[in-house]
Structures are given as C-alpha cells and as structure tokens.
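Presented below is the structure to which this report refers.
The values are calculated or read from the model by the stated rules, or taken from the named source; none is laboratory data. Keep in mind it's a predicted model, so treat the numbers as computed, not measured. Positions of Cβ are backbone-derived with ideal geometry, glycine not excepted, and every protein chain shown enters the neighbour counts.
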Amino acid sequence: MDDIRILAVSGLDALIAELRSRGYRVMGPTLRDDAIVTGEIRSAFDLPRGIGDEQEPARYRVRQREDGAFFGFAAPAQSSKPVFFPAEEVLWRGRRDRAATSNHGTSNHGTSNHGSANSDPGFTVERDHLDAQPTALLGVRSCDLRAVQIHDAVLAGRTHIDAHYVARREGTFVVAVACGVPAATCFCASMGTGPRPADADPGTGEPSYDLLLTEVAASNQDRHHFVLEIGTDAGRDVARAIETFPADFDDQHEALAVTAHAASLQTRSIDTATVHDDLRASAESSRWEDVASRCLSCTNCTLVCPTCFCTTVEDVSDLTGDAAERHRVWDSCFSEDFTYIHGGPTRESVKARYRQWITHKLSSWEDQFGMLGCVGCGRCITWCPAGIDITEEAAALGRMRADSLAPTGGAVPAASRRV
Ligand code: SF4
Ligand code: SF4
C-alpha cells in the first residue's frame, strides 16, 4: 500500500505550497462570477470549498453545499483547455524599421523566444514570448484529463506539432481528482472516461496523473480526508515532501466506492459500440432538419468543449502602419465563415454545421485520430441555450438508423459531403 496514502484536509494547503515551491504555477478550480472556472491557486483558500453545482440542459447554477467539500461539484464551467490552448494568443509581432527602409532594408535586430529572428529588409518579425513556467493542474477531473490526452495526440503527437501547446504542456504535474458528484448532464461513465481517471493514457501508455485525490467523508468533519494515490516517481517525490499517513485496503475501497457511486448516478449515456457507424450512416437523416430548427448556431457548445481545437488567425495593425500582430483565436465549426473558401462557405446551413460537429465528435474523429472526440463532460448540454443534448441526438440518429435497417425499412442512404 506504499502508493496509497491518506492526506488530511490540512495537507491540501501543504501540497499546493510544495508544488509552488518547486516552481509550478498551480491551476485549478476557482469560483468567479457565480461559476467554477480554471484559475491560479495560491493556497487551498482559492478552491471553491463548500460550493456545489446544478447542471441541466441550458442551466448552470452554483449552490452552497452543507459540507466543507473542496471538490463537491461536477465538470466546472470551464475545463483546463485554456491553460495549454488559450482562447487567444499572439503568434508573432511585426514592426516596420523606418531607418532600415530608408536605407534600402538592412534591418536585422529582432528577437524571438527561440533566440533568433526572422527579418525581412525593413520589417522585423518577433515570435511571441511564451511563459516557460511549468504548470501543475490541481483538481482536474477525469473527463478533462482525458481531453488533455486527446489534445496531446492531436496537437503534439503528429508530424506537425503545435509548438505553443507543446511549450505550455511540457513538464506538467497532474493532481487529478476522482469525481464524486456528477451533474445531470454528465455521461463520462458510458464514454469510458470517468468518473475515476484511467491509470494510463490509453493511447500512449503514459501515466495519466502524478497524484490522484479522492475526497472522502466531506460531510463528517472528523473523518473528512483525501485518499492519495501515487501515479509517477515525480508524484512520489512530492508526496514524500508533505505529511501523509498510511492507508489500508478499507481506505482504497472507500475511494473506489466514491467513483462507483458517482457512475451509478449518471442517467445520460452514449452507446460507444454503435455511435460511430450510426453517425456515418446518417448523412441524409431528416433529424438534421429537426435539430437545425432548434440550434441557434451560437458556437457555445464548441467553446466550452474541452476537446474542440479549431482556430482562425486575425491580423491587426496600428494606425500608423508601423506595427502588426497575428493572433490565433478559437473558432467554431458553427461559424458560417469557418469554411469560407474562394467564394463562399462549404457549410451554409445550420443543419450542415450541426451535422459536421456531432459527426466529427462521435464518428469521423475516430477515423482521424483513432479515438472518439467526446469525453462525456456534458458541457455542451449545459451551456447550449436551446438545451440541445448530444446524447439525445445520437440516440435519435441510432434509432432512425435501426428503423431503416429493419426488414420493413428502406436502405441506408449513401453519405453526402455537402448540403
Ligand atoms: S462534445 Fe459535449 S460532452 Fe463531449 S466533450 Fe465536448 S462538451 Fe463534453
Ligand atoms: S447546439 Fe446549442 S450551443 Fe451548439 S451552436 Fe447550436 S444552439 Fe449553440
């Protein structure tokens, strides 16, 4: 049982202090504007202690809990996505060198975070400086941890990597938290992504977390504590530096019971055995008209999703024309402009955009990356102003496909790329 210890409630602050003393910027759940979002954690006081949440389609509320739980809520309003993949960042800055221009372009004095500069005659380009401080993710949920692993594969695991993502992600220390209180919108159990984090990334086999906390008996002040499981040598090193206590099999079972109970409370699900083929066969389904009549194409679902990674670039310049910047900002497949190419967008209708989004999440993502693009966090259900529910839409498409395959039904229509 060496790799399972007990951390007292008072030890949480020591853990945060230890991580900060090792140079980590600790990021975790904080309460801001009546929502739990990701922010910097300087001590245990920054955590939303005693705060719970209520989530339903198109509804999110925080509420006061009657106990002192530190992690007594489900998927926060914001995942840890912006920590490594911010909503907006500067890719490069350009500056006109007037002296060099008048000297027929001899400027060559730019700098970059990699120690070199790209200089055209009379125009200096500086790459944006990245904050090199390593991050410790504290309290990251199983669904969001799996989303980080998906981003690792998509943004850092292919031939062309996202250098900014890799720089931010490098050296991350993960203190995961096993989920004890799912929201009504959660369905991680059916996706195989929670409520307890997998010990290893299913894609790479690398450990999922350095430390895993399960909060136990929050309602009983005398017994309230964390079961702390060690996932890596780095985690062991940190655990040794703070006060912990021996754990026994009862403690381990108590921790496992927390997540087993959380899984049993989930009422939504997606059938991962059939959803890939269901979506693939549904390109011409009449369901798309139905969902398009409800969808506002507002992009909320993509912005809250921990796995969505589509971006665009925007160029801005000052009024003198001497300085310009290229920004990368999150974009969405629900934006009409997202597919604009020489003369018009390829997905003009809302039904085409919704179909693209859900089909990518639950079907073509698997063809592209060998995994599904949904981790069952339920945020797209909570934050959709129309209350559109990805589990309901997937189930409806599955039923319609099953009906069409029944002996009295028609043939499955051929897939089409455009509407
Ligand atoms: S598609 Fe919805 S439920 Fe799935 S990961 Fe994205 S926000 Fe979460
Ligand atoms: S499904 Fe909901 S959240 Fe997504 S674009 Fe449509 S209305 Fe907005």
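General observations
- Residues (out of contact with any Lys or Arg (no Cβ under 7 Å at 6 or more places or on another chain) and either acidic (Asp, Glu) or not assigned by TED's automatic domain parsing to the domain that holds Asp367 (or both)) located in the stretch 277-286: Asp277, Glu284
- Consider the stretch 56-83 and keep the residues that are more than 20 Å from Leu145 (Cα to Cα) and within 16 Å of ligand 2 (Cβ to nearest atom). The one that is surrounded by the fewest Cβ atoms within 10 Å (Cβ to Cβ) is Arg59.
- If only residues of the stretch 358-390 that are of a type in the set (Val, Ile, Thr) and more than 13 Å from ligand 2 (Cβ to nearest atom) are counted, the one that is surrounded by the most Cβ atoms within 10 Å (Cβ to Cβ) is Val375.
- Restricting attention to the stretch 149-183, the residues that are among the hydrophobic types (A, V, I, L, M, F, W, C) and within 12 Å of ligand 1 (Cβ to nearest atom) total 2.
- Single residue of the stretch 221-268 satisfying the filter (in a loop (DSSP other than H, G, I, E, B) and without any contact (Cβ under 8 Å) to a residue 24 or more places away in the chain) that is nearest to Ile4 (Cα to Cα): Arg223
- Taking the listed residues Thr312, Thr274, Thr307, Thr259, the one that is closer than 24 Å to Met371 by Cβ and either of a type in the set (D, E, K, R) or under 20 Å from the mean Cα position of the chain (by Cα) (or both) is Thr307, with no other qualifying.
- Within the stretch 207-226, if we keep just the residues that are of a type in the set (S, T, N, Q) and within 29 Å of the chain's Cα centre (by Cα), the residue that is surrounded by the fewest Cβ atoms within 10 Å (Cβ to Cβ) turns out to be Ser208.
- Helices (runs of 4 or more DSSP H) within the stretch 97-175 that include 3 or more residues in the same structural domain as Val26 (by TED's automatic domain parsing), buried (at least 20 other Cβ atoms within 10 Å of the Cβ) and at pLDDT 70 or above: 142-156
- Failed item, numbered, when Arg347 is tested on (1) away from ligand 2 (no atom under 13 Å from the Cβ); (2) farther than 26 Å from Pro76 by Cα: (1)
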